[in-house]
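Note sheet for the following structure.
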Amino acid sequence: MRTNRRQAIAIAASVLAAPATVRAKVAPMAKIFCPFAAGATVDMVCRQLAEQLRGKLADTVIVENRTGAAGLLAIDALVRAPADGLTLMVHGGAIQSVFPHTMRKLPYDPFEDVAPVSTTHQLEYAFAVGPGVPVSVKTLNDFLSWVRLNPKGGAFATPGSGTPLHFVPMLVSQASKVELVPVHYRGSAAAMPDLLGGQVSAISTALSDLVPFLGEGKLRMLATSGPRRNPLTPGAATYAEQGFPDATAVAYNAVFVHGQTAPAVQEQISAMVREALATEAVRTAFSKAYIVPSGSTPAETLKAGREGYTRWGGIVKAVGYVPEN
């Protein structure tokens with residue numbers, strides 16, 4: 001007898017929700033889609049979760065890298081998978097908060113097709129300058145003053161167009177009336193040679209991507225995007241401290257499931273993820289990547305997505321960004 005989709009979801013919900021003492025066995029296999037290549041921070045997060053979820057979510061949990069198309073291939077793979085709670089995806093909260101405003105033809109519904117069950121970690125953005133900027137420039141406002149006198153120095157690298165890393169400096173540009181010009185690369189690593197070689201003056205990227213370069217003295221951090229100074233870079237003032245409160249922003253990555261996954265299954269997966277994030281193994285691995293585990297309930301994560309949707313919609317409009325597709 002064939003089992004229809006609704007019955008399959010109900011069966012998965014009952015299996016996942018059953019107490020450990022009652023559940024005879026878990027599913028044979030589950031998978032986690034990763035939108036980035038092996039070796040990236042999110043890939044590490046996926047593999048750590050897979051290790052911790054093995055034997056709990058399923059006997060085998062594999063990570064499948066679906067790279068390309070700004071992370072849309074991973075989303076498409078999740079949406080096409082069964083809504084049984086055995087297919088997960090780790091992606092940025094931007095797929096609910098930012099992408100709807102920066103893509104003219106969004107190939108998925110951000111609040112119907114995908115459902116966030118827990119954050120994995122938060123991350124801040126940072127603005128740093130390279131060796132092409134005089135050593136006398138020590139603060140963001142120093143940099144803006146220098147660019148006023150050296151307009152060509154306003155070029156800054158970003159890991160991609162239409163991202164918060166692109167928009168945050170543009171808010172500073174508008175508020176200060178100093179022209180900052182984004183130069184888009186395929187990730188922070190691709191931008192580093194030009195930054196270190198002086199072809200671009202500065203970079204706006206994830207703070208964790210810049211920390212390794214600070215100890216070598218190759219870059220100087222001028223601003224971070226959190227509400228308070230980051231413990232990793234206590235000497236760097238926040239955007240808000242330097243007169244740009246609208247540039248305050250904290251991003252997050254989260255575990256997503258198919259949007260039609262039963263609520264009980266979402267809650268169970270969320271509990272598993274939060275338990276995994278609390279393990280010493282995960283904390284140690286995350287620490288090496290300069291990130292801190294941070295879990296949340298499905299309701300909390302969804303709330304963050306909806307609030308971000310409203311906020312970033314206003315920002316995208318304010319900076320005059322025109323969707324590319």
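The values are calculated or read from the model by the stated rules, or taken from the named source; none is laboratory data. Being a predicted model, the structure only gives us computed values, none of them experimental. Heads up, the Cβs are rebuilt from the backbone with ideal geometry, glycines too, and the neighbour counts pull from every protein chain shown. In case anyone asks, the SASA skips ligands and DNA or RNA and just uses the protein heavy atoms, side chains included. Shrake-Rupley method; radii C 1.70, N 1.55, O 1.52, S 1.80 Å.
Indicate the gyration tensor shape class of region 234-325 (rounded, prolate or oblate), computed on the Cα atoms with a ≥ b ≥ c the square roots of the eigenvalues: a/c under 1.5 is rounded; otherwise a/b larger than b/c is prolate and the rest oblate. The shape class here is oblate.
Before rounding to the nearest 500, sum -39500 (n - 2.57) across all DSSP H runs of length at least 4 in the chain and divide by the residue total; then give [θ] at 222 nm in deg cm²/dmol. Don't jump to the answer; show the numbers that get you there.
Details: 12 runs with 128 residues, N = 325.
Helix-only estimate at 222 nm: -12000 deg cm²/dmol.
Extents of the chain, largest first, come to 75, 40, 30 Å (Cα atoms, principal axes, whole angstrom). Length gained on full extension, Ser136 to Ala278: 46.8 nm, using 0.36 nm per residue less the C-alpha separation. Under 17 Å of direct C-alpha separation, and excluding same-chain neighbours fewer than eight residues apart, Lys31 reaches these lysines: Lys56. Shape class for region 119-232, computed from the alpha carbon gyration tensor (a ≥ b ≥ c): rounded, with a/c under 1.5.
In µm²/s, what is D for region 83-153 at 20 °C and 1.002 mPa s, where D = kT/(6 pi eta Rh) by Stokes-Einstein and Rh is the Kirkwood radius from Cα pairs? Taking Rh from Cα pairs, D becomes 131 µm²/s. How large, in percent, is the carbon and sulfur part of the accessible surface of the chain at a probe radius of 1.4 Å? Ligands and nucleic acids excluded, carbon and sulfur give 55 percent.
Ordering 164-171, 212-219 by mean Cβ neighbour count within 10 Å, with the highest value first, yields 164-171, 212-219. Distance between Cα centroids, region 256-283 to region 154-224: provide it in whole Å. With region 256-283 and region 154-224 each reduced to a Cα centre, they are spaced 33 Å.
If you sort the three axes of the alpha carbon gyration tensor as a ≥ b ≥ c, you get a/c of 1.5 or more for region 26-88 and a/b no higher than b/c, which makes it oblate. Using the Cα centre of the chain as origin and beta-carbon charges of +1 (Lys, Arg) and -1 (Asp, Glu), tell me which of Val168, Thr60, His184 is placed farthest towards the positive end of the dipole. Towards the positive end, the residue furthest out is Thr60.
With a Förster radius of 45 Å, plug the Cβ-Cβ distance of Ser287 and Asn150 into 1/(1 + (r/R0)^6) and report the FRET value to the nearest 0.05. Efficiency, from the Cβ-Cβ distance: 0.70.
A 1.4 Å probe run over the protein chains yields, for the chain, 46 Å² of accessible area per residue, whole-number rounding.
Note on the chain: with charges restricted to the Cβ of Lys and Arg (+1) and Asp and Glu (-1), its dipole about the Cα centre is near 220 debye.
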